[in-house]
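Here the structure comes first, spelled out in structure tokens, and everything after it is commentary.
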Amino acid sequence: MLEHLGLLIGSPWIYALVALSVLLDVFLPVLPSGVLVITAATAAAAGTAADVPDILALTLCAATASVLGDLLAYRLAWRGGARLDRAISRSRRLTTAQERLGAALARGGGALVVLARFAPAGRSVVSLGAGAAHRRVRDFLPWSALAGLTWAAYSVALGYFGAHLLGASWVATAVSVGALFGAGAGAAYLMRREPRTS
């Protein structure tokens with residue numbers, strides 16, 4: 001099994017796998033897209049210049065797929081209409097998240113979009129919530145692009161520098177994945193905090 005994974009990571013197909021995983025994890029947050037990006041970056045740190053994946057290409061691939069996934073979820077939610085609105089209204093958490101997102105985007109506080117990219121299922125809530133609330137794409141897209149690039153760069157850096165510090169091993173990958181989950185837990189905590197009243 002590990003041999004097959006190593007062959008996949010060392011081939012150009014890793015970009016397609018990363019793109020597909022990152023694109024779809026907005027709908028299926030259980031997909032291990034972050035783990036895959038970190039593992040590929042760890043392998044890149046161990047390889048030579050002729051080996052794939054390339055760090056810059058991996059970062060751009062993951063960031064682009066993240067933005068495209070966000071936009072796809074946004075457009076589907078935009079068209080979801082009353083059915084999606086009813087589904088959201090049945091959940092107090094989704095309703096609250098949608099209201100907070102709308103308020104944050106309305107006052108230019110799209111930092112919530114960036115923060116949500118790191119939180120478990122946060123990307124899904126933000127992308128679907130922005131579409132369902134019919135937020136303007138020009139209010140959402142720049143923040144989605146920044147979120148995708150920030151998340152991709154952070155994930156690739158964790159794998160790459162983790163491999164340089166700890167060696168290109170499963171230990172380095174595990175430590176890097178732990179750091180990614182730690183960032184996700186921190187983002188989830190910050191998103192759950194009640195906004196300060198001014």
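Name the single residue, out of those in the stretch 130-166 being closer than 28 Å to TRP78 by Cβ and over 19 Å from the mean Cα position of the chain (by Cα), that is most open to solvent (accessible area, probe 1.4 Å).
This residue is ARG138.
Could you list, in sequence order, the residues of the stretch 56-71 that are closer than 17 Å to ALA157 by Cα and either open to solvent by 50 Å² or more (accessible area, probe 1.4 Å) or modelled with pLDDT under 85 (or both)?
Across the stretch 56-71, the qualifying residues are LEU56, LEU60, THR64.
Kindly indicate the residue of the stretch 129-186 that is in a helix (DSSP H, G or I) and hydroxyl-bearing (Ser, Thr, Tyr) and also nearest to ASP54 (Cα to Cα) among those meeting that condition. Steps first, answer last, please.
First pass over the stretch 129-186, keeping only residues in a helix (DSSP H, G or I): 129-132, 137-166, 170-186.
Going one step further and asking which of them are hydroxyl-bearing (Ser, Thr, Tyr), we end up with 144, 150, 154-155, 160, 173, 176.
Numbers: SER144: 24, THR150: 18, TYR154: 15, SER155: 14, TYR160: 11, THR173: 17, SER176: 18 Å.
The extreme case among them is TYR160.
Kindly indicate the residue of the stretch 133-168 that is in contact with a Gly (Cβ under 6 Å, 6 or more places away or on another chain) and not aromatic (Phe, Trp, Tyr) and also nearest to GLY186 (Cα to Cα) among those meeting that condition.
Only one residue fits best here, namely SER155.
The values are calculated or read from the model by the stated rules, or taken from the named source; none is laboratory data. In this text, all values refer to a predicted model and were calculated from it rather than measured experimentally. Heads up, the Cβs are rebuilt from the backbone with ideal geometry, glycines too, and the neighbour counts pull from every protein chain shown. In case anyone asks, the SASA skips ligands and DNA or RNA and just uses the protein heavy atoms, side chains included. Shrake-Rupley method; radii C 1.70, N 1.55, O 1.52, S 1.80 Å.
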